[in-house]
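Undergrad: The structure under discussion is supplied below as structure tokens; questions concerning it will follow.
Since every read-out is calculated from the coordinates, none of them should be taken as a lab result. Remember, it's a predicted structure, so these values are computed and weren't measured experimentally. No Cβ is skipped: glycine too gets one built from the backbone with ideal geometry, and neighbour counts run over all protein chains shown.
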Amino acid sequence: MKTKTILTTLALLALMSCGQNQPAENPTGPREIDPAEIKENPIALFNDHWALVTVGVPDDLNTMTISWGSLGELWNKPVVTVYVSSSRHTHAFMEKNDHFTLSFFPPEQREALQYLGTHSGRDGDKIQESGLTLEFLESGLPTFKEADMVIEARKLYGAPFDREALAEEAAAFYAPGQMGIQTVYIGEIEHVWVRDRTGE
Ligand SMILES: Cc1cc2nc3c(=O)[nH]c(=O)nc-3n(C[C@H](O)[C@H](O)[C@H](O)COP(=O)(O)O)c2cc1C
């Protein structure tokens, strides 16, 4: 009887110490998925849900809302493409950094995205004003706690549209008085993080 109790206690202690070596369960923390596992339709993802393109280092970064973008395959890599007008404060950050993130949000953050898409980082701390919470991924890249999907991308290409090569209806977007010509940035998707909200 005594031996049985000792054995049971030892088994329990072994079980408990095993648990201590496991990574802490964090149901709200981000989990990595393969780019091919992104389930959302890319057209709906950009056009309906919008996203934030965020770029820079902790003490020198900026973010802005986008609704034009593409997800696909190029040079045998999964890629994301964004189009940033030369008039955006974000443009300078895209030029001087090798990486950027794309963060997608649940519908309740629409107002914050609207704010970040109508205010410039040149004029003040728009991130703080938006109410979103800046956070940094393991790689050090910036994103937001409220995002439910984050794509980390490494710049592979960046060049402005060639006006001469644009069809008339596309060129109209860059006519005098409209936005500055957009730079096309193609990034290799290095990581995709999703956050399950259930249980929060
Ligand atoms: C819904 C929405 C989508 C937008 N999409 C783009 C886009 O794809 N490319 C772009 O250059 N600007 C886009 N903008 C405009 C920028 O987000 C906006 O000019 C922003 O204030 C720029 O901020 P910044 O000066 O801090 O970079 C969009 C704005 C909104 C509201």
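Undergrad: Find, among the trypsin sites (Lys or Arg not before Pro) in the range 106-200, those assigned to loop by DSSP (not H, G, I, E, B) with at most 13 other beta-carbon atoms within 10 angstrom.
TA: Lys145, Arg197
Undergrad: Projecting each Cα onto the charge dipole of the range 32-194 (Lys/Arg +1, Asp/Glu -1 at the beta carbon, about the Cα centre), which of Gly72, Ser86, Gly187 comes out farthest on the positive side?
TA: It is Ser86.
Undergrad: Using mean Cβ contacts within 10 Å as the protection proxy, how do 74-84, 171-181, 40-50 order, highest first?
TA: 74-84, 40-50, 171-181
Undergrad: Take the cross-link list Lys39/Lys145; Lys77/Lys126; Lys77/Lys155 and give me the ones stretching past 24 Å between alpha-carbons.
TA: Details: Lys39/Lys145 21 Å; Lys77/Lys126 34 Å; Lys77/Lys155 12 Å.
As for pairs spanning more than 24 Å Cα to Cα, those are Lys77/Lys126.
Undergrad: Report the full-extension gain for the segment Leu156 to Ser139: residue separation times 0.36 nm, less the Cα-Cα distance, to one decimal in nm.
TA: Extra length available between Leu156 and Ser139 comes to 4.3 nm.
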